[in-house]
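Below is one structure, written out as structure tokens; the observations come after it.
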Amino acid sequence: MNKMIYVGGTAKGVGKTFVALGLIHNLIKHRQVGAWKPVDVGHIVYNAADVPTDGERLHETAQMAEHANLCNPYLFNEDFPSVFAALRDGVKVETKVLRQYWSLLSQRFEWVVTEGARGLFSPLTETDTEMDLLCAWKPKLIWVTAIGSREFHDTLVQVKALQHAKVPLVGILLTNAHNAKDANLMHYQWVHLEEQLSIRVLGLLPFLKSGLDDPAAIGALMHENMDANYLNLLTEEP
């Protein structure tokens, strides 16, 4: 059984970290759960804002005894596409290193909640895109997208690509990450994603003022606004 629950999404800011934190908080009550963000960028931005990195948030929420570097092996300074950010830092992102880290995590945890990169098709390592790695890993994937025209279009394109590649896609989760006010747009996006992609939308998470700072509040929001069976869908054996 593949132990990876993968939180993917169309772009930066759609709510991937938000959803990953909530999932970890809810799963850890019942299972041994690890967290993984293989590649992240923008360390300078995190420092300037005086906030934890996504990897640090995931690591703390999962209460991992292991060093935070196991949770986030590649963290680059500038907020650029990962391969270019790595080049600027004088580092190469290597697929074999990610495989080694994943092997360690899968041995130590019953499930590993993994936060993906920014889109499927930009290079993630020297040799692979995120799509390449998803095709190799075949995780249980939940696709996160925010409310908006661009997010709607990007989800149609990228989810169709995932379906064509036969990546196990559990469902789509909408987030109101941008605090949209148009209820008709939300309804339209929900209904038409289901119709055009023949896949379940698991719910719509409302805007949360505390943002990433309160995983317990995110977890409660997920229980209130998602398909009641979502945790079983993510963890049941094929």
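Per-residue answers, yes or no, for (1) closer than 26 Å to Asp54 by Cβ; (2) among the aliphatic types (A, V, I, L, M):
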| residue | (1), (2) |
| --- | --- |
| Asp182 | no, no |
| Met186 | yes, yes |
| Leu204 | yes, yes |
| Ser210 | yes, no |
| Ile218 | yes, yes |
| Glu224 | yes, no |
| Ala228 | no, yes |
| Thr235 | yes, no |
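Can you pull out every residue in segment 56-69 that is of a type outside the set (S, T, N, Q), farther than 13 Å from Val112 by Cα and either without any contact (Cβ under 8 Å) to a residue 12 or more places away in the chain or part of a helix (DSSP H, G or I) (or both)?
As a first pass, look at segment 56-69 and keep what is of a type outside the set (S, T, N, Q): 56-60, 62, 64-68.
If we keep only those that are farther than 13 Å from Val112 by Cα too, we end up with 56-57, 60, 65-68.
Correct list: Glu56, Arg57, Glu60, Ala65, His67, Ala68.
Restricting the search to segment 41-74, which residues are within 16 Å of Trp111 (Cβ to Cβ) and either surrounded by 16 or more Cβ atoms within 10 Å (Cβ to Cβ) or touching a strand residue (DSSP E or B) at 6+ places or on another chain (Cβ under 6 Å) (or both)? Walk me through it before giving the result.
Initial filter on segment 41-74 (within 16 Å of Trp111 (Cβ to Cβ)): 58-59, 61-64, 66, 70-71.
Matches in segment 41-74: Leu58, His59, Thr61, Ala62, Met64, Leu70, Cys71.
Which condition does Val113 not pass, out of (1) crowded, with 20+ Cβ neighbours inside 10 Å; (2) at pLDDT below 95, if it passes all the others?
(2)
Only one of these is touching a Pro at 6+ places or on another chain (Cβ under 9 Å) and either polar (S, T, N, Q) or buried (at least 19 other Cβ atoms within 10 Å of the Cβ) (or both): Asn229, Asn225. Name it. Write out each step before concluding.
Working: Asn229 fails: touching a Pro at 6+ places or on another chain (Cβ under 9 Å).
None of the others qualify; the one that does is Asn225.
Given the criteria under 19 Å from Asp154 (Cα atoms), modelled with pLDDT under 95 and either buried (at least 16 other Cβ atoms within 10 Å of the Cβ) or out of contact with any helix residue (DSSP H, G or I) (no Cβ under 8 Å at 6 or more places or on another chain) (or both), does His178 qualify?
Working: under 19 Å from Asp154 (Cα atoms): yes; modelled with pLDDT under 95: yes; either buried (at least 16 other Cβ atoms within 10 Å of the Cβ) or out of contact with any helix residue (DSSP H, G or I) (no Cβ under 8 Å at 6 or more places or on another chain) (or both): yes.
When the stated conditions are applied, His178 passes them.
Every residue, every condition in (1) within 20 Å of the chain's Cα centre (by Cα); (2) at positive phi; (3) aliphatic (A, V, I, L, M), yes or no:
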{"position": "Ser82", "(1), (2), (3)": "yes, no, no"}
{"position": "Arg88", "(1), (2), (3)": "no, no, no"}
{"position": "Lys96", "(1), (2), (3)": "no, no, no"}
{"position": "Phe109", "(1), (2), (3)": "yes, no, no"}
{"position": "Val113", "(1), (2), (3)": "yes, no, yes"}
{"position": "Gly119", "(1), (2), (3)": "yes, yes, no"}
{"position": "Ser122", "(1), (2), (3)": "yes, no, no"}
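I want to confirm something. Restricting to segment 121-147 and keeping residues that are touching a residue at least 40 places away in the same chain (Cβ under 8 Å) and of a type in the set (Gly, Ala, Ser), which single residue is farthest from Leu231 (Cα to Cα)?
Ser122
Which residue out of Gln163, Gln189 is among the polar types (S, T, N, Q), more than 17 Å from the chain's Cα centre (by Cα) and buried (at least 17 other Cβ atoms within 10 Å of the Cβ)? Step through it out loud before you land on a result.
Working: Gln163 fails: buried (at least 17 other Cβ atoms within 10 Å of the Cβ).
So the residue among Gln163, Gln189 that is among the polar types (S, T, N, Q), more than 17 Å from the chain's Cα centre (by Cα) and buried (at least 17 other Cβ atoms within 10 Å of the Cβ) is Gln189.
Tell me whether segment 31-40 contains one or more residues that are in contact with a strand residue (DSSP E or B) (Cβ under 6 Å, 6 or more places away or on another chain), in a loop (DSSP other than H, G, I, E, B) and either modelled with pLDDT under 95 or small (Gly, Ala, Ser) (or both). Before you say what the answer is, go through the steps one by one.
Within segment 31-40, the first condition is being in contact with a strand residue (DSSP E or B) (Cβ under 6 Å, 6 or more places away or on another chain), and the residues that meet it are 31, 33-37, 39-40.
Those still in the list that are in a loop (DSSP other than H, G, I, E, B) too: 31, 37.
Next cut, either modelled with pLDDT under 95 or small (Gly, Ala, Ser) (or both) only: 31.
Yes.
The values are calculated or read from the model by the stated rules, or taken from the named source; none is laboratory data. Keep in mind that what you see is a predicted model, and the values were worked out from it rather than measured. Neighbour counts are summed over all protein chains in view; Cβ atoms, including those assigned to glycine, are modelled from backbone coordinates with ideal geometry.
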